[in-house]
Amino acid sequence: MILTIDLGALAANWRMCAAAAGKAECAAVVKADAYGIGIERAGPALAAAGCRTFFVARVDEGRRLRAVAPDAAIYVLDGFLADTAGTYREHDLRPVLNSPDQIATWKELPGSPSCAILVDTGMNRLGLTPREARELSASADAQDLGLRLVMSHLACADTPARPLNEQQLARFQEIRLAFPGLPASFANSAGIFLSPDYHFDMVRPGIALYGAAIAEDRPPLATVVTAEARILQIRAAKAGETVGYGAGETLKRASRIAVVAAGYADGYPRSAGSSDNRAGGRARVRGRSARILGRVSMDLTALDVTDIPEAAAGDFAELFGPNLPVDEAAAAAGTIAYELLTGLSRRAHRVYVNGPAPA
Ligand SMILES: *Cc1c(COP(=O)(O)O)cnc(C)c1O
């Protein structure tokens, strides 16, 4: 499988988010190898577009980003465990402290390097409770913490009608009052488009940068990732024959089958396969839609090109990209664009276009 990664489109999506965020600073979330596209190339492309603040999940992702983004502020969402102190210091990383324990451990460090705190306003994932946040703000040693940012995270920003969005907003507005003068950050990609009330001082888009749809009725984004696979062979099969492992799909007509060089070892999901009981995903061949036949195997996927007679060995089939949105490909595999993109494997060959040269 070949991934063409358009770093110019990545920069354009960041600028679109930055414009939508108005006066708020626009950061970039580049966790999980920049949602699968490659942090070493995404980081410099975003920095060149004007991004100054980045969020990663793991401390090791922070180390990799630091190597290519020497001037960036880099926050690590996992927070802080005492035995990673050396890595934080060496690479000038900022933990997003998630619990009173993490705060206590952080305070033990000499000097007070920069950090953020995350407050849970209704997601029940990581974060201080609102009460713990108020206690911290009242305690004398809040000043010694090197605190630069107070954050929270939305649970359902992609569904604007859910009342939890406004409940979380109200809680975050209140928490923020306890930390006067401290910059605040709340919105992920979808949160930016809920309303300006959600912007605060900094927004944190992830998925929107990579070109997946944010939510219904939101502005379109530039396509960043195009996944293609070459047709290795075209074969003819008769009605009643079966295709692939498990013989799970029986041909209803005499068919031409294109076997393409993409499989689950590339990160193309096995759940995109088809059977007699369930329609699977689709690909584009010569500008037309071709359905998957049978199971997706480790290295190969079969497509029905009976109605695309000009399809030939050597052609590229588009698995997702400008003509087949990544969200559609993900939905056909029973998943979401986040999982499809971050699951793209190391074997998938990445070709970068329209961006800065590698560092
Ligand atoms: C992943 C993540 C984001 C980015 O979310 P998207 O929906 O991809 O925009 C922002 N903030 C936090 C805390 C996250 O974990």
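All of the numbers you see were taken from the coordinates with simple rules; none came from a lab. Computed from a predicted structure; not experimentally measured. Cβ: placed from backbone, ideal geometry, glycine included. Neighbour counts: every protein chain shown.
Counting only DSSP H runs of at least 4 residues, each contributing -39500 (n - 2.57), and dividing by the residue count of the chain, the helix-based mean residue ellipticity at 222 nm comes to -7000 deg cm²/dmol.
The relative contact order of the range 1-157, computed from alpha carbon pairs under 8 Å that lie at least 6 residues apart in sequence, is 15 percent. Taking GluC sites (Glu not before Pro) across the range 97-171, the ones in a DSSP loop with at most 11 further Cβ atoms lying within 10 angstrom of their Cβ are E108. Angle between the Cα long axis of helix 59-68 and the longest principal axis of the chain, 0 to 90 degrees, nearest 10? Here the helix axis deviates by roughly 80 degrees. The C-alpha atoms of the chain define a longest principal axis, and helix 164-177 lies at about 30 degrees to it.
Here the Debye sum runs over all C-alpha atoms of the chain as equal scatterers in vacuum, and log10 of I(q)/I(0) at q = 0.07, 0.11, 0.12 Å⁻¹ comes out as -0.36, -0.78, -0.89. Please check which bits of the range 116-160 a label hung off S195 would reach, taking the label as a point 7 Å along Cα-to-C-beta and the cut-off as backbone N under 13 Å. From the range 116-160, the list is 160. Just how far, in whole angstrom, is the range 217-265 from the range 133-211 if you go by their alpha carbon centroids? Here the answer is 43 Å between Cα centres.
Charge dipole (Cα centre; +1 on Lys/Arg Cβ, -1 on Asp/Glu Cβ; no other charges) of the chain amounts to roughly 840 debye. With angles folded into 0 to 90 degrees, how steeply does helix 7-20 sit against the dominant principal axis of the chain? Use alpha carbons for both and round to 10. The two axes meet at around 50 degrees. As a calculated quantity, the FRET efficiency between Q173 and A215 at R0 = 22 Å, using C-beta atoms, amounts to about 0.50.
For the range 1-90, the list of trypsin sites (Lys or Arg not before Pro) that fall in a loop by DSSP and count at most 16 other C-beta atoms within 10 angstrom reads K23, R52, R58. A straight chain from A279 to T335 at 0.36 nm per residue would run longer than the Cα-Cα distance by 18.7 nm. PRE reach from D92 (point 7 Å along Cα→Cβ): which of the range 26-68 fall under 14 Å by backbone N? Only 52-54, 63, 65-68 pass the distance filter.
Determine which aspartates and glutamates satisfy two conditions relative to K23: a Cα distance under 15 Å, and not lying fewer than 8 residues away in the same chain. Reachable aspartates and glutamates: D197, D201. Among Y264, L182, N165, which residue has its Cα furthest toward the positive end of the charge dipole of the range 164-269, with +1 on Lys/Arg Cβ and -1 on Asp/Glu Cβ? Sorting the options by dipole projection puts first Y264. Sparse packing (at most 10 other Cβ atoms within 10 Å of the Cβ) combined with a DSSP loop state is found for the following trypsin sites (Lys or Arg not before Pro) in the range 166-250: K238.
In this Cβ point-charge picture (+1 for Lys and Arg, -1 for Asp and Glu), the range 123-226 has a dipole of about 100 debye about its Cα centre.
Think of the chain as a dipole: +1 on every Lys or Arg Cβ, -1 on every Asp or Glu Cβ, centred on the Cα centre; then among S137, A312, Y75, A312 lies furthest on the positive end. Within straight-line reach of K238, meaning a Cα separation under 16 Å, sit the following lysines at least 8 residues removed in sequence or on another chain: K252. For K238 and H349, a Förster radius of 45 Å and the Cβ-Cβ distance give a FRET efficiency of 0.80, rounded to the nearest 0.05.
Of P325, L209, A357, which is farthest towards the positive pole of the chain's charge dipole, taken about the Cα centre with +1 and -1 on the beta-carbons of Lys, Arg and Asp, Glu respectively? Of the listed residues, the answer is P325.
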